[in-house]
Each structure stands twice: as C-alpha cells, then as structure tokens.
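Quick notes on the structure that follows.
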Amino acid sequence: MEIVVSGTRPTGILHLGNYYGAVRNYVRLGDDPNVRGYFFIADYHSLTTHNNPEELKLLVKQTIATYLACGLDPEKVVIYVQSDVPEIPELYLLLNMLAYKGELEKVATFKEKIKIHNENINAGLLTYPVLMAADIIVHRAHKVPVGKDQEQHLEMTRNFAKRFNSRYDIDFFPEPIAYNFGDELVKVPGLDGSTKMSKTGGETNAIFLNEEPDAILKKIKRAKTDAGPSEPNSEKPQEIQNLFALMQIVSKPDTVSFYDQAWNTCTIRYGDMKKQLAEDMITYLTPIREKINELIRDEAYLGRIVKRGGEAARESAQKTVSEVRKIMGINYF
Ligand code: TRP
C-alpha cells in the first residue's frame with residue numbers, strides 16, 4: 001500500500017485553482033486501490049496567521065464540504081481535521097528537537113510571511129514546516145500531492161525524516177516526495193493577468209467554487225484583456241493566454257479552437273469570448289456549488305464524516321508515535 005497525505009489550510013473558500021491543482025488530484029489518488037489516502041484540514045496551520053474563532057469554524061466546515069463536493073469519497077480515503085489527532089502535535093514537539101533555527105529561518109514561505117505579518121512573527125510561523133512534517137510522517141507517508149509552492153516544505157520533511165533515522169540509527173520514516181500527475185498538471189491562471197489564481201490575489205483574481213452564476217459572469221467580464229491582436233498569428237499576451245487556459249479547463253475543445261482561430265485571424269471579440277467562457281464556467285461549477293451548499297446545511301453529516309476520519313487517522317498516528325516514543329527511549333517503566 002502506498003500512503004498518501006495532503007492537507008489544506010482553512011483560510012478561505014477554495015477556488016478553481018485549488019480544485020484543479022490539488023483537490024482533483026486527491027480524488028484521483030483516492031480512487032487508486034493501491035493508495036491509502038489521508039486528506040485533512042490543517043486548522044493548526046491556519047492559526048499561525050489567522051485568529052478569528054467564528055471564521056475558523058465556518059471555514060473548517062466549508063473546506064470539508066468542498067472536499068466532499070469535489071468528489072473525495074470518505075468510503076475510500078480518510079478525511080479528518082488535524083486538531084482531532086493529538087498525536088500530530090506530539091510528534092511535532094518531538095521533531096522540534098531535530099529542527100534547527102537556522103534552517104527554519106531560511107524557508108522562503110517564512111520569509112514571505114514575516115513580511116506580511118510583521119506584527120505577529122510567532123514561533124508557530126517559524127516552525128510551520130515542522131508541523132507539516134509531523135502531518136506527513138505521522139502516517140509514514142510516501143507521497144504528498146501538493147503544488148510547486150510546497151516543494152521546499154517537502155524537502156524539509158525529508159530532512160527531518162532522515163535526521164531522525166540517522167540520529168536513532170534506524171530505518172523508520174520513509175522519505176516522502178511531492179507528487180503530481182506530471183505534465184497533466186494544468187496551471188490555473190488568475191483573471192487579473194497573473195499566472196496563478198490565488199486567494200490572496202484579491203476578489204477579482206479568483207473564481208471560488210461556491211460562486212453564484214452572476215458573480216462569475218461579472219468577474220469574467222472584468223477580466224483583463226488587451227487591445228486585440230494587430231497582426232495574424234501573433235503571440236498572445238499573458239492575460240489573453242490566461243483566458244484561453246481557463247477555457248481549456250471548462251469549455252469544449254471545439255470552443256477553444258474557434259476562439260484560437262479568431263485570435264489568429266484577428267477577428268476575435270473578447271466580449272463574446274468572455275460570455276462563452278462565463279457560461280461554460282458556470283456549467284462546470286454549478287454541480288460543485290450546489291453540492292457545497294447542500295452539505296454546508298447538513299452539519300450532522302459533516303460531523304459524522306470527520307469523527308470517523310479522525311478515528312481512522314488516530315489509529316494510524318498512534319502506531320507511529322508509540323514506535324517513535326520507544327525509539328527515542330520515552331518508555332520508562
Ligand atoms: N502547507 C500547506 C499549504 O499551505 C498545507 C499543509 C499543511 C499540508 N500540512 C500539510 C500539505 C501536509 C500537505 C501535507 O498548502
């Protein structure tokens with residue numbers, strides 16, 4: 001069995017980029033009978049930068065509902081909330097003894113975050129990669145489906161795993177690798193001309209999975225465009241490439257070729273293209289939005305799913321942590 005682990009910080013409702021870059025891959029991995037998948041809500045991680053209890057409650061529920069609405073199947077994979085598994089913070093504490101201040105300070109995401117949150121540079125932010133390593137190796141995982149931006153965290157996870165193995169002279173933790181479906185991985189660009197859709201990119205950049213049709217239409221209408229091609233077969237500027245990339249995700253191949261042709265012959269009308277893109281985007285997202293809204297209302301169901309998931313995750317985590325304690329000598333009598 002191959003162990004796969006991934007988590008999502010509940011800091012906002014997921015957008016099309018999260019779906020395409022992450023959750024869709026979880027679903028595909030979960031469908032593989034040779035995979036044991038653990039997919040969780042990284043609520044402790046969100047506390048490094050967010051501290052609104054009411055918002056946290058809502059976002060945790062929304063994220064679980066989104067996982068399920070996107071097709072993650074609790075019969076096939078373990079879906080849980082990080083804070084329901086106390087073995088994770090226990091392993092985090094133990095791993096902290098192997099993590100050096102110097103290496104943590106050099107992490108790119110830490111350096112970025114202390115710029116944004118410079119009034120709150122807390123120890124949790126510094127040790128974020130240690131907690132993430134604990135999330136992963138607590139199940140002795142092999143693969144971690146994450147985006148490029150998490151590569152460095154994965155490298156640190158491998159370092160902590162290796163350091164543990166060598167310090168205690170035992171081949172205990174596998175070295176997990178960041179995993180994606182290779183070149184099939186499609187990058188989802190933003191609507192503002194940026195190359196990556198992101199929730200920090202602001203309201204006009206991302207299309208959220210629970211977005212209402214008229215809001216989608218409005219956003220796409222406002223998406224950045226240029227003055228149009230001035231000669232046939234010219235190269236598309238970034239913002240136009242972006243519209244085509246989004247179309248590739250949600251529209252039929254024929255539709256994409258039609259507008260490609262129109263671009264190449266300088267007959268493209270961005271207004272029409274945007275209308276078509278919005279229509280296809282709405283068709284694509286409507287089942288997900290409806291499912292999210294339906295699940296959000298069924299708190300009891302969501303609660304049951306994560307309770308069961310939490311128990312399964314704990315079972316796996318307990319095995320690891322009790323071994324770790326033994327290896328480290330934390331078993332006295
Ligand atoms: N750091 C990840 C992110 O920001 C979230 C995360 C926390 C995670 N723990 C993890 C991802 C463990 C994969 C595995 O996206």
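The values are calculated or read from the model by the stated rules, or taken from the named source; none is laboratory data. Remember, it's a predicted structure, so these values are computed and weren't measured experimentally. Counting neighbours? That spans all protein chains shown, and the Cβs are built from the backbone with ideal geometry, glycine included.
Could you list, in sequence order, all residues of the stretch 194-251 that are assigned to a helix (DSSP H, G or I) and over 23 Å from Glu279 (Cβ atoms)?
Lys199, Thr200, Gly201, Gln238
Filter the stretch 278-294 for residues that are within 22 Å of Leu58 (Cβ to Cβ) and of a type in the set (A, V, I, L, M) and give the result.
Listed by number, the residues that qualify are Leu285, Ile288, Ile292.
Filtering the stretch 1-28 down to residues that are in a helix (DSSP H, G or I) and either among the β-branched types (Val, Ile, Thr) or on the phi > 0 side of the Ramachandran plot (or both), which residue is nearest to the ligand (Cβ to nearest atom)?
Per the criteria, the residue is Val23.
Looking only at the stretch 162-178, filter to residues that are under 16 Å from Glu2 (Cβ atoms) and more than 10 Å from the ligand (Cβ to nearest atom); which one of those is surrounded by the fewest Cβ atoms within 10 Å (Cβ to Cβ)?
The selected residue is Ile177.
Leu59 fails exactly one of the following numbered conditions: (1) near the ligand (Cβ under 10 Å from one of its atoms); (2) closer than 17 Å to Thr200 by Cα; (3) modelled with pLDDT of 95 or more. What is the number of that condition?
Looking at each condition in turn, Leu59 falls short on (1).
When the stretch 29-56 is examined, which residues are found to be within 16 Å of the ligand (Cβ to nearest atom), over 19 Å from Ile136 (Cβ atoms) and assigned to a helix (DSSP H, G or I)?
Once the filter is applied, which keeps residues that are within 16 Å of the ligand (Cβ to nearest atom), over 19 Å from Ile136 (Cβ atoms) and assigned to a helix (DSSP H, G or I), the stretch 29-56 yields only Leu56.
Out of the residues in the stretch 96-145 that are basic (Lys, Arg) and assigned to a helix (DSSP H, G or I), state the one that is farthest from the ligand (Cβ to nearest atom).
The selected residue is Lys101.
Mind checking which residues of the stretch 283-304 are among the hydrophobic types (A, V, I, L, M, F, W, C) and either outside any helix (DSSP H, G or I) or buried (at least 19 other Cβ atoms within 10 Å of the Cβ) (or both)?
Hits for the stretch 283-304 are Leu285, Ile288, Ile292, Leu295, Leu302.
Checking the structure you have, find out if any residue of the stretch 9-16 is without any contact (Cβ under 8 Å) to a residue 40 or more places away in the chain, surrounded by fewer than 18 Cβ atoms within 10 Å (Cβ to Cβ) and not aromatic (Phe, Trp, Tyr).
no
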